[in-house]
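Reading through the structure tokens given below for one structure.
The values are calculated or read from the model by the stated rules, or taken from the named source; none is laboratory data. The model shown is predicted, which means the values in this text are computed figures rather than measured ones. So basically every Cβ, Gly included, is an ideal-geometry build from the backbone, and we count neighbours across all protein chains shown. We work out accessible area using only protein heavy atoms, side chains counted, and drop any ligands, DNA or RNA first. Shrake-Rupley method; radii C 1.70, N 1.55, O 1.52, S 1.80 Å.
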Amino acid sequence: MLGSGIINGLIVTAKNFVGSYHDPKRMVTVEYPEQKTVLPENYRNFPFLITENATDPMGTLRCVACQICEKECPPQCIIIEKSKDKKPDANGKMQIYPAIFGIDTSVCMSCQICVEVCPFDAIKMDKVFEIAATNRFEGLFLTREQLAKPNSYYHEIHPVEAAEVDERLTAERKAAEEKAKAAAAAKAAAAAAKPAVPVTVAGGSLPGDRPGQMLGLQSANNSADPGLSRASATPPGPGSAPPATKTPTPEA
Amino acid sequence: MSLSTLSSQLSTAATASSAAAAAASPDSFLERAPLELRDWAVNLLPTPVQWLAHHLITIVCILAVFGLFFAFTTIAERKLLARLQNRLGPNRSGLPKLSILPWHFKHTLFGLSQPFADAIKAITKEDIVPAAADKLLHFLAPVIVVAFSLMTFAVLPFGRNIIPVELDAALLYFFAAGAATELAIFMAGWSSRNKYSLLAAMRALAQLISYELPLILSVVPIVLVTSTLSTKAIVLAQSGWTFGFLPHWFVFTPWGFAGFIIFLIAALAESNRSPFDLPEAESELVAGHLTEYSGFKYALFFMAEYFGLTALSGLGVTLFLGGWQAPLPFLEFIPSYLWFMGKLICMIVFFIWVRGTLLRLRIDQLTRLAWQFLVPLALLNIANAAFWVLTTQWSLPLQFVRWGVSAAIVVIPFIMMGRALSASYAPRSYRYAP
Amino acid sequence: MSPLHLCLLISTGLFCIGLAGALARSNTILVLLGIELMLNAANINFIAFWRFGPSPVAGNGMIFVLFAIAVAAAEAAVGLALIIAVYRHQKNIRLQDSTTLKG
Amino acid sequence: MIPALFLIALLMLGSAAAAMLLRNLIHSALLLIVSWAGVAAFYLWAGAEFVAFAQILVYVGAISMVVLFAVLLTRQNQIIDTVIEPASRARAATAFTVAACVAAVFSAAILSTKFHPAAPEAPTASVKEIGLTLMNEHGGALLIVGLILTVALLGATILAATDRDEDQSQPSDAALPPKETP
């Protein structure tokens, strides 16, 4: 009969009205500045840099200033300047580090490409959305001091993803260690036979440029440290896609 | 009290029995309080200006009461709509920070001061008049619309003794004053010198004219049964109770119920409210005929819309819901004007509830509903009321037949025409769109 | 001068304004409106005689006016519909141009 | 009492004269509405409430809308509207002369007539009385008026309705066969 739909609708809204007073679960909004909704795991907006140690953020940046993200960034909002010297990273290996690392969040379009191309898992997407500033030229341009956040923070905002990343990193580190050991053993064996092949290492050249086979040799040559850099063991090239498990992309 | 006496009371306006019922209830102090207060204030003044003060006080009271009522209707609408959609609604604006006070007193008052914040915003906004506009008419339109929508309050009986103007042809006055709204809409659309405003004004006019017919036709049965146009007499005709608890309100008769439903739908459309808010559909048009209005003039139109809604609700309360009468005999100690305001608030809340529930109609559905459904049904309802008047003297067993026939006269056409209407609301086929 | 004289003079004024408008203007709508004014002037007379007449019969003048208003409404509706029909035919509503009756 | 009548007359006649003189049709129509409202005010002044409200309801509410719609629907070329031809000037002069003569004759007739003195008390007619008179004595006339209004409504609709066969420039959805919806 005509009108029954109207009455049904009125009943639905009446239920909403009564329910909204005693059932907080019904509410679709929260009182924003005081309360905040829990953002979903995959929420992302702007990138940040991961440091290994919260007490010394600038010293333990995972970023080695390889500039892949700078080149890949579609709106070109990342600016990186490499350092002249080298510093030991979290593993004690000597690495180039970014002297300047800036992201202009007023330009950034949150595409996450920088995260996907980074071979070092050094840049990840953040969940901070309250970034309003009074000055659009300085307030929204984040320097590396503002960008650097510890790995524990990453675990906090993206626990599943961060666990995967850490697991992979430790596995890679272990594999690299074993490889180094093997290489060291091979080197010891080879040293007995003939002198080592000198390999020149260009600081600015990309890790992926070199064939993986040579990496073990090169690292063994460069560093006396048995704990090898992660960079030497990372297989993918600059343009290749990361492993599917690394970061769940929206498509996946 | 038997059913036959009930019907005899229904059919005659302000007959001896109703008048006796009205006089029997004691005029308590609270009942007379507003009038006593007015007379006291008037008597303070010198005699020559007393008549003027008498009328001025009435006008100021209407302005103040319904101005505040308007303000709190807007906040109630926003909060209620929010609750109907599982939201909280505005609850932030409160008292300003009072540095005079020694302690830091801050309370948001549940956002109740929101209308005042809105008013300040509207007043301080820039008043833009298009360069090509007809300046005088552009200015006059909001003035006329507010003035005439306020004039409609003059004939509503707000309480047993409170009626601003006691007119013999009060109902006719009400609709005559309401007719000027259409003129104001046309002036607003035409004087803006904007073709979209003009088109929207034409649409709004088409809607208002379409729905004025069922609105007036739904009131005719009341006039037929009470044989008067005076709102006061119509309220008095609804006094009394059957078996001591069933009030003689017209909404509790078959023809009255049908008339009330038609009146509600037509009133919704007349006051441009959802689901009939096509003239200024916020989510589709800019603001319809109000596109070129801003600031305080826009606020005046907004105000007039709410005044119109309140006045139509007041008329609905007066005609169908017993006006200022209490629903039950033992509740008569509550002053009549409070009953009126209570019923008025119920009507407004119902309108808000409907707005939070229903979807907007298309323009062809809108006019079809008026001309093919409401108008024939209202005409049938007039015949129904005539039947009701003719069968006033039927004895008790025949009363059941009377109720049955009267209900059938409205229910059977409702179901049949409802089927036809629902079928005609099938998805529209578009010629140029896929 | 009695109030009745005044009312009749006022209605004469309204009638003559309507007459002058109906004769002088070339726009059909305005001619129709001039005729409406003349009708209103006649209605004023009815009310004036009802109010100030020597022996008013209850409501007779008012009823006359009510019927006149109803007929005027019908006249306006048909007249304006005719004007729209003429406009559709000859694309303007000047009286001088409507010289043929053939549609 | 009498000053109020003068004010009402001023409103009524002034707006009517202005309406007949103005060249903007919409302004004319709106001023005429003011004039009709002035007539309603006169009825109120004379104590004919019911007629006054009926006048406002019919003239201000209904006829004004029809007039305004008609003005908008018959939009003319602005140039034709504003040109003042010599012929129309001559006609205006003639019209004014005729109207003045009629006014003079009527005024003379009114002023020279001695009316019977008005009834001692002003006549009152309640709505109920009017209704009873309408329904009893004038019942037949009421029926005829209803008939006239119905016929006028239908006739106006037929006259103003677009002839779909002729008007091919504006095809409407209703004229076309309905399209199947997927």
Quick check: is even one residue across region B:159-180 under 20 Å from B:Phe340 (Cβ atoms), in contact (Cβ under 8 Å) with a residue 12 or more places away in the chain, away from chain D (no Cβ under 11 Å) and in a helix (DSSP H, G or I)? no
Kindly indicate whether any position in region B:324-347 is open to solvent by 50 Å² or more (accessible area, probe 1.4 Å), closer than 24 Å to A:Gly9 by Cβ and modelled with pLDDT under 85. no
Failed item, numbered, when A:Leu49 is tested on (1) open to solvent by less than 40 Å² (accessible area, probe 1.4 Å); (2) at the interface with chain B (Cβ under 9 Å from one of its Cβ atoms): (2)
Cβ pairs under 6 Å, 6+ apart, first in region D:55-69 and more than 7 Å from every other protein chain (Cβ to nearest Cβ), second crowded, with 23+ Cβ neighbours inside 10 Å and of a type outside the set (Lys, Arg): D:Tyr59/D:Trp36
Any idea which of C:Ser26, C:Ser98 is out of contact with any Pro (no Cβ under 7 Å at 6 or more places or on another chain), closer than 22 Å to D:Thr97 by Cα and touching a residue at least 24 places away in the same chain (Cβ under 8 Å)? C:Ser26
Pull up region C:35-46, narrow it to residues that are in contact (Cβ under 8 Å) with a residue 24 or more places away in the chain and over 11 Å from the mean Cα position of the chain (by Cα), then point me to the one that is surrounded by the most Cβ atoms within 10 Å (Cβ to Cβ). C:Ile44
Quick count over region A:4-46, residues being open to solvent by 80 Å² or more (accessible area, probe 1.4 Å) and outside any helix (DSSP H, G or I), is 10
Would you point out which residue out of C:Ala81, C:Ala68, C:Ala74 is free of Cβ contacts under 8 Å to residues at least 40 places away in the same chain, within 17 Å of D:Met135 (Cα to Cα) and surrounded by fewer than 23 Cβ atoms within 10 Å (Cβ to Cβ)? C:Ala68
Tally of residues being of a type outside the set (Gly, Ala, Ser) and within 11 Å of chain D (Cβ to nearest Cβ) across region B:196-216: 9
Among (1) more than 14 Å from chain D (Cβ to nearest Cβ); (2) outside any helix (DSSP H, G or I); (3) over 26 Å from B:Leu63 (Cβ atoms), there is one condition B:Ile262 misses while meeting the rest; what is its number? (2)
All but one of (1) closer than 24 Å to B:Ala326 by Cβ; (2) at the interface with chain D (Cβ under 10 Å from one of its Cβ atoms); (3) in a loop (DSSP other than H, G, I, E, B) hold for B:Ser239; which doesn't? (2)
Identify, from the list C:Leu14, C:Leu23, C:Leu19, C:Leu32, the residue that is under 17 Å from the mean Cα position of the chain (by Cα), more than 7 Å from chain D (Cβ to nearest Cβ) and assigned to a helix (DSSP H, G or I). C:Leu32
In this structure, is B:Leu374 open to solvent by 70 Å² or more (accessible area, probe 1.4 Å) and at pLDDT 90 or above? no
From the list A:Glu145, A:Glu156, A:Glu167, which one is within 16 Å of the chain's Cα centre (by Cα), more than 22 Å from A:Tyr43 (Cα to Cα) and open to solvent by 20 Å² or more (accessible area, probe 1.4 Å)? A:Glu145
Report yes if some residue within region B:401-416 is open to solvent by less than 20 Å² (accessible area, probe 1.4 Å) and more than 27 Å from the chain's Cα centre (by Cα); otherwise report no. yes
Taking region D:32-49 as the search range and keeping residues that are open to solvent by less than 30 Å² (accessible area, probe 1.4 Å) and not in a helix (DSSP H, G or I), which one is nearest to C:Gly13 (Cα to Cα)? D:Ala46
What do you reckon, is D:Thr124 more than 26 Å from D:Val51 (Cα to Cα) and more than 7 Å from chain C (Cβ to nearest Cβ)? no
Search result, residues across region D:90-107 that are at the interface with chain C (Cβ under 8 Å from one of its Cβ atoms), open to solvent by 60 Å² or more (accessible area, probe 1.4 Å) and not hydrophobic (A, V, I, L, M, F, W, C): D:Arg91, D:Thr94
Go through region D:128-182 and give me each residue that's small (Gly, Ala, Ser) and either open to solvent by 60 Å² or more (accessible area, probe 1.4 Å) or at pLDDT below 70 (or both). D:Ser169, D:Ser172, D:Ala174, D:Ala175
Name the residues in region A:172-194 that are surrounded by fewer than 14 Cβ atoms within 10 Å (Cβ to Cβ) and modelled with pLDDT under 85, would you? A:Ala191, A:Ala192, A:Ala193, A:Lys194
Subset of region B:52-78, residues touching a Leu at 6+ places or on another chain (Cβ under 8 Å), farther than 16 Å from B:Val146 by Cβ and of a type outside the set (Gly, Ala, Ser), comes to B:Phe72, B:Ile75
Look through region B:181-195, keep the residues that are closer than 12 Å to B:Gly288 by Cα, touching a residue at least 60 places away in the same chain (Cβ under 8 Å) and assigned to a helix (DSSP H, G or I), and return whichever of them is farthest from the other protein chains (Cβ to nearest Cβ). B:Ala188
